Structures are given as C-alpha cells and as structure tokens.
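These notes concern the structure reproduced below.
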Protein chains: 2
Amino acid sequence: MDSIELVEVGPRDGFQSVGPVIPTKDKIAILHALHAAGIRRVEATSFVSETAVPQMADAVEVLHAAQALDGCDPQVLVPNLRHAERALRAGARHVAFVLSVSEAHNRSNVKRSPAESAAEYGRIVDLLPDGTKLRLNLATAFDCPYDGTVDDEATLALLERLLPLAPHAEIALCDTTGRVVPSHVSRLFEKSMSAFPGVKWAFHAHDTYGLGAANTLTAYNAGVRVFDASVAGLGGCPFAPGATGNVATEDLLWMFEGMQVDTGVDAAAFVDVARQVAAIPGGQTGGRVREALSSKRCAA
Amino acid sequence: MDSIELVEVGPRDGFQSVGPVIPTKDKIAILHALHAAGIRRVEATSFVSETAVPQMADAVEVLHAAQALDGCDPQVLVPNLRHAERALRAGARHVAFVLSVSEAHNRSNVKRSPAESAAEYGRIVDLLPDGTKLRLNLATAFDCPYDGTVDDEATLALLERLLPLAPHAEIALCDTTGRVVPSHVSRLFEKSMSAFPGVKWAFHAHDTYGLGAANTLTAYNAGVRVFDASVAGLGGCPFAPGATGNVATEDLLWMFEGMQVDTGVDAAAFVDVARQVAAIPGGQTGGRVREALSSKRCAA
C-alpha cells in the first residue's frame with residue numbers, strides 16, 4: 001500500500017488569516033483533536049512580529065503544546081534570522097522558511113529581493129543545531145499574483161542556488177495563487193526532480209480555482225509524497241478576497257483514502273474536527289467533503 | 001493542439017433541479033448566451049412527464065430555440081420510448097437515454113430493472129431515423145447511492161449488452177454520486193476502452209466531494225475527450241441536499257484552457273453567463289472559478 005504524508009497547515013496558515021484572535025486554549029484543543037484523528041505533522045504556528053500578526057503572539061505556548069503530543073512533529077514558520085533564533089530558543093526542532101521565486105511577491109511579503117532572502121536562508125541554515133528538520137517553501141513557484149506565470153527556469157535557478165545550502169531540506173513548490181493547472185504542476189516537478197535527484201519534495205496546493213485536488217493528484221502521480229493542506233480549507237486567498245485558499249485536508253483525505261493510499265489519518269474523526277474549525281468566527285473555509293457528508297447525515 | 005468537446009448540461013440537468021419554473025424566454029436567453037460564448041453542444045431539455053417535471057413542460061419550444069442557433073447541436077434526454085417518440089415528432093436530431101448499472105438506482109429512477117431499461121433502449125434505437133445522434137448515459141457506472149461501489153464487471157457486462165444495439169452511440173460513464181476517486185475513473189475507462197475499442201466515450205463528473213476536476217482530468221488522461229458539465233455548477237446533489245452536484249463548466253474551462261487544450265469556448269464570456277445562471281432563484285450552484293474571478297474583480 002502506498003502512503004503519503006499530510007502536513008496540516010491549518011493551525012498556522014489557516015489561523016493566521018482569521019481576524020479575531022483565537023484563544024490559545026482553543027488552538028491547543030484543535031491541535032489535540034487533529035492529533036487524535038491521526039495527524040502527526042502540523043505547521044503549528046509561526047514566529048513572527050506580534051505587532052504585525054497578533055494571531056501568532058502565543059507561538060511559544062502553542063509550539064510546546066504540540067510538542068507534548070505523542071509522536072507529533074510540529075513545524076514552525078520563521079520569516080527571517082531573528083525569528084528563527086526565537087523559535088530555536090523556544091525549542092523548535094522543525095523549522096520552515098518561505099521565500100518567493102518572483103521578485104514582486106517576495107518584496108511584498110518580506111521587503112527583500114529573492115537573492116536577499118536566499119542569503120537569509122543560508123544564515124538560518126547555519127544557525128540550526130544538528131538534527132533540526134528543515135522545510136523550505138518556494139512561494140510563487142508556478143504563478144505570481146503580480147507578475148502572472150513564473151518561468152520554470154526562474155524556479156529551477158533559485159533551487160540551484162538554495163539546494164546546496166541545505167541538501168537535507170524538504171522543498172515545497174507552492175501554488176500561491178491557486179491558478180496553476182495540472183500540466184504545469186507535472187512539468188515543473190518532472191524538471192525539478194530530474195535536475196535535482198534525491199531531494200524530498202512537497203506540494204502546497206490552493207483550491208481557489210477548483211484545482212486543489214486535481215493538482216495534488218498530479219503531483220502525486222509525478223512522485224511527490226508530502227502534501228500541505230488545511231483543515232476545513234481554512235485560509236482564504238489574499239489575492240481573491242472571499243474565495244477559497246488552501247485545499248481542504250478532508251478533501252485530500254477523501255481522495256487518497258478512496259485510492260487506497262495510506263494517510264495515517266482517521267478521515268471520519270478528521271471531518272468532525274473540520275466542522276469545529278469551520279465554526280471559528282472570522283475564518284474563510286473551503287472544501288466539499290465536509291458539506292457533502294453533513295448533507296448526507298441530514299438526509300439520512 | 002489537443003481539443004475536447006464540452007457538453008453543457010445546465011439547461012437540462014441543472015434547470016431540472018430548480019424548483020420555481022424558469023420562464024421559457026429566460027431559458028432561451030441563456031441558451032443564446034451560452035451559444036455566444038462558444039458552446040455548441042448542449043443538453044437543452046428533456047421530454048418527460050409534464051406532471052412529474054413541470055420545469056421541462058416547455059421542451060418543444062426550448063428545443064426549437066436551440067436548433068435555431070447556428071452550429072448548435074442540442075441533445076434532449078428521453079426516459080422511455082413514449083417520450084422518445086414525442087422528442088422525434090418535435091424534430092429532435094440528438095437523443096440521450098439514461099439507464100443505471102445498479103438495480104436499486106434504476107428502479108428508483110424509472111421503476112424498471114436495468115435489463116428492462118436495456119430492452120427499452122433497443123426499442124428507442126430501432127425508432128431513430130437515420131442520422132439521429134445518440135448518447136447513452138450509464139448512471140451509477142462507478143457508485144450507487146443505495147448500494148455503494150459498483151463492480152467494474154457489472155458496468156462492463158451492461159456495456160456488452162448495450163453496445164451492439166447501437167454501435168454509433170456515444171457512451172457516457174456517469175459519476176452519479178460524486179463519490180468516485182481518480183484511480184477508479186482511470187481503471188474503469190481503461191477496462192472499457194480495452195474491451196470495446198472504437199467506442200466514443202464521455203465522462204459525466206460530479207463535484208460533490210471536490211473531485212469533479214480531478215476525475216475529469218483523469219478521464220482526459222485515459223483518452224476521453226467528451227465531458228459533461230453544468231454552467232455555474234447548477235444541479236446540486238439529490239443524495240446530499242445542499243451539496244454541490246455537477247462539476248461547473250467554467251471550472252473545466254479554466255483547467256483545460258490553462259493546459260492549452262482547445263474547448264472552442266470563450267471562458268471569460270462564459271463566466272459572465274455563469275453569473276447570470278447563478279442568480280436564478282432556487283438553484284443550487286457549485287464551482288470555484290466564478291467566485292475567484294469575481295473576488296479578483298472586487299479587489300482590483
């Protein structure tokens with residue numbers, strides 16, 4: 001039986017998009033429920049400016065709660081060296097860094113050029129104690145909200161620069177806008193895998209244009225086995241307010257379980273958690289499975 | 001450049017699910033708008049009992065309006081011989097018949113066994129004047145709302161019985177419940193294509209569990225080139241009230257155009273029609289592209 005690894009990004013990518021600050025105890029309760037449903041890998045929080053992102057002010061407490069869960073591997077997002085230092089001081093053992101292939105998006109996101117961010121990535125890598133796991137998210141690997149389609153060569157060139165800095169890093173190619181189509185997903189992964197063998201790849205899908213599952217399936221068919229997704233599709237799309245963002249974890253669970261691919265997660269238990277998360281005030285949700293199964297229950 | 005044929009089923013499959021009767025002039029205006037956007041093949045209406053389905057009481061007028069459109073190929077659904085006779089008297093030149101692979105669904109739908117429906121199909125085939133086009137929809141080809149997963153062998157056995165009756169018929173395998181997963185779509189199409197070479201195949205996807213695009217893509221990768229879809233995702237799911245049913249045509253347009261597959265349709269013009277259709281009172285809509293593009297416009 002084939003298997004995949006799901007990275008549940010709702011507690012970071014999802015919660016960060018929610019306006020009203022979610023009480024820390026509620027966040028921790030959701031982490032417990034996700035863990036009870038079988039989630040082992042979770043983007044638990046981010047270490048960022050508390051002024052800029054008040055929702056993440058409780059990063060230390062949330063990280064420690066996730067680390068206390070049996071077998072849980074929480075990763076935390078860090079935007080720069082200073083916050084990476086904070087995360088490591090708090091005991092983080094799995095760090096995620098993000099930079100954008102497109103200049104316009106990277107400047108908008110972190111006020112730096114991609115080359116400057118690449119240098120910052122190198123400094124963070126140098127800082128990591130042995131055994132610290134590392135995820136590198138390449139935002140706008142396919143498409144940029146400002147510049148449109150990103151050339152394959154731009155993504156490959158950035159990979160060529162970044163990979164030697166940390167050969168053990170897991171690399172996620174991210175569909176930041178949700179506008180990528182399956183043929184582009186397969187083409188870029190095939191080129192990347194061919195150019196850089198031995199790398200552990202991941203895919204981060206958005207469902208904004210209805211292709212979250214189709215693109216994830218395409219990446220799976222290309223050989224990717226690590227997939228980001230957000231419980232209840234929480235997250236929204238910053239470039240299309242009101243529209244869906246992250247692909248819903250429960251939709252991917254439905255697809256992979258149906259295809260006899262092991263996810264390690266109890267889909268029915270997970271859908272119950274997704275319903276709780278969908279009820280969080282101020283969240284923009286997505287996905288179909290939650291609704292389909294709810295309706296079925298109502299009709300029964 | 002590869003191309004596909006989209007069969008716009010909104011005016012039949014979609015409208016039929018709408019409670020309040022849509023004025024005939026509004027239906028015809030939508031057919032005109034779909035045609036102006038490039039749609040050439042449309043399931044325009046059905047010839048059924050006016051008592052059972054008051055929404056389809058204007059079948060003759062709608063059919064004639066669709067036939068008057070330049071290059072338009074309207075197909076009409078008929079449930080049995082009597083209504084096929086009505087459709088042909090009205091001048092239908094493209095007829096669609098549906099029967100279910102699963103006994104339970106066929107009995108629920110038309111109060112007959114699949115074998116009895118197969119015999120009725122033979123009688124309809126015998127009735128068709130030369131040159132009449134024929135579409136055969138195999139409902140529950142993958143999954144039945146009452147009996148669950150349908151064995152491949154059951155679908156293949158029914159095909160073996162039906163195909164010789166009308167070797168020229170186009171055969172659609174239909175995901176009636178939306179519960180099919182990509183691995184099942186590819187497996188059944190591969191088996192069917194291998195067992196029955198030379199048949200023109202079609203796929204009818206539902207998006208109830210978020211896999212409408214992924215399953216359509218999978219059928220495309222298996223070699224299918226004719227796809228049903230409904231403008232604005234109109235239709236809903238009778239087995240999951242409140243949930244999405246038919247995959248939205250605009251979502252498939254987005255995917256295939258992005259993949260450089262010719263659809264013959266102007267996607268931007270189509271999305272405008274989809275917005276009109278989504279505003280029809282009493283309709284259950286679906287799809288993502290309409291919302292994503294609307295939000296983008298709002299944000300601009």
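See the values below:
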{"quantity": "Average beta-carbon neighbours from other chains, 10 Å sphere, peptide B:251-258", "calculated": "4"}
{"quantity": "Within chain B, helix-based [θ] at 222 nm, where runs of 4 or more DSSP H residues each add -39,500 (n - 2.57), nearest 500", "calculated": "-12500 deg cm²/dmol"}
{"quantity": "Along each principal axis, Cα extent of the range B:211-273, largest first, Å", "calculated": "35, 30, 15"}
{"quantity": "Distance between the range B:169-215 and the range A:98-168 - C-alpha centres, whole angstrom", "calculated": "40 Å"}
{"quantity": "Kirkwood Rh (inverse of mean 1/r, distinct Cα pairs), the range A:150-296, angstrom", "calculated": "16.0 Å"}
{"quantity": "Relative contact order for the range B:5-299, counting Cα pairs under 8 Å that sit 6 or more residues apart, in percent", "calculated": "19 percent"}
{"quantity": "Antiparallel bridge percentage (DSSP; both residues within the range A:5-299; nearest 5)", "calculated": "10 percent"}
{"quantity": "Computed lengthening from B:Asp126 to B:Arg225, 0.36 nm per intervening residue step minus Cα-Cα distance", "calculated": "32.9 nm"}
{"quantity": "A:Ser49/A:Ser183 FRET efficiency (R0 45 Å; Cβ-Cβ; nearest 0.05)", "calculated": "0.70"}
{"quantity": "Rg over Rh [alpha-carbon atoms, Kirkwood Rh] for the range B:1-61", "calculated": "1.03"}
{"quantity": "Rounded accessible area per residue of the range A:5-299, 1.4 Å, Å²", "calculated": "35 Å²"}
{"quantity": "Farthest toward positive dipole pole in the range A:234-289 [+1 Lys/Arg, -1 Asp/Glu at C-beta], among A:Pro241, A:Gly258, A:Ile280", "calculated": "A:Pro241"}
{"quantity": "Candidate residues B:Lys27, B:Lys191, A:Lys25: accessible-area rank, largest first, probe 1.4 Å", "calculated": "A:Lys25, B:Lys191, B:Lys27"}
{"quantity": "Paramagnetic reach from A:Gln260 (point 7 Å along Cα→Cβ, amide N under 17 Å) across the range B:143-176", "calculated": "B:143, B:149-154"}
{"quantity": "Amide proton proximity set for B:Thr208, modelled H, under 5 Å, gap of 5+", "calculated": "none"}
{"quantity": "Axis-nearest residue of B (beta carbon) for the B-onto-A rotation, whole Å", "calculated": "B:Ala214, 2"}
{"quantity": "Whole-number D in µm² s⁻¹ for the range B:113-198, Kirkwood Cα-pair radius fed into Stokes-Einstein, 20 °C, 1.002 mPa s", "calculated": "157 µm²/s"}
{"quantity": "Using alpha carbons only: equivalent-ellipsoid semi-axes of the range B:164-211, gyration tensor based, whole Å", "calculated": "23, 12, 7"}
{"quantity": "Total formal charge among the other residues, if their Cβ is under 9 angstrom from that of B:Lys133, Lys/Arg +1 and Asp/Glu -1", "calculated": "0"}
{"quantity": "Translational diffusion coefficient (Stokes-Einstein; Kirkwood radius from C-alpha pairs) of the range B:35-171 at 20 °C, 1.002 mPa s, in µm²/s", "calculated": "137 µm²/s"}
{"quantity": "Calculated FRET value between A:Ser3 and B:His64, using beta carbons and R₀ = 56 Å, to 0.05", "calculated": "0.50"}
{"quantity": "Against the rule of thumb 2.2 N^0.38 Å, how large the Cα Rg of the protein assembly as shown comes out", "calculated": "1.01"}
{"quantity": "Sequence of B:Thr285, B:Thr140 from largest to smallest accessible area, 1.4 Å probe", "calculated": "B:Thr285, B:Thr140"}
{"quantity": "Measure of compaction for the range B:5-299 (Cα Rg per 2.2 N^0.38 Å)", "calculated": "0.93"}
{"quantity": "Under Karplus coefficients 6.51, -1.76 and 1.60, residue-wise ³J(HN,Hα) of the range A:128-144 in Hz, glycine/proline x", "calculated": "5, x, 3, x, 6, 7, 9, 10, 10, 9, 9, 6, 6, 5, 10, 7, 10"}
{"quantity": "Accessible area of the range A:5-299 belonging to carbon and sulfur atoms, whole % at 1.4 Å probe", "calculated": "51 percent"}
{"quantity": "Chains A and B together, accessible area buried on both sides, 1.4 angstrom probe, square angstrom", "calculated": "2800 Å²"}
{"quantity": "Binned Cα-Cα distances of the range A:49-116, short to long, each 5 Å bin given as a whole percent", "calculated": "3, 16, 23, 22, 16, 12, 6, 2, 0"}
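The values are calculated or read from the model by the stated rules, or taken from the named source; none is laboratory data. Being a predicted model, the structure only gives us computed values, none of them experimental. Backbone-built Cβ (ideal geometry, glycine too); neighbour counts: all protein chains shown. Accessible surface is based on the protein model in full, side chains and every heavy atom, while ligands, DNA and RNA are left aside. Shrake-Rupley method; radii C 1.70, N 1.55, O 1.52, S 1.80 Å.
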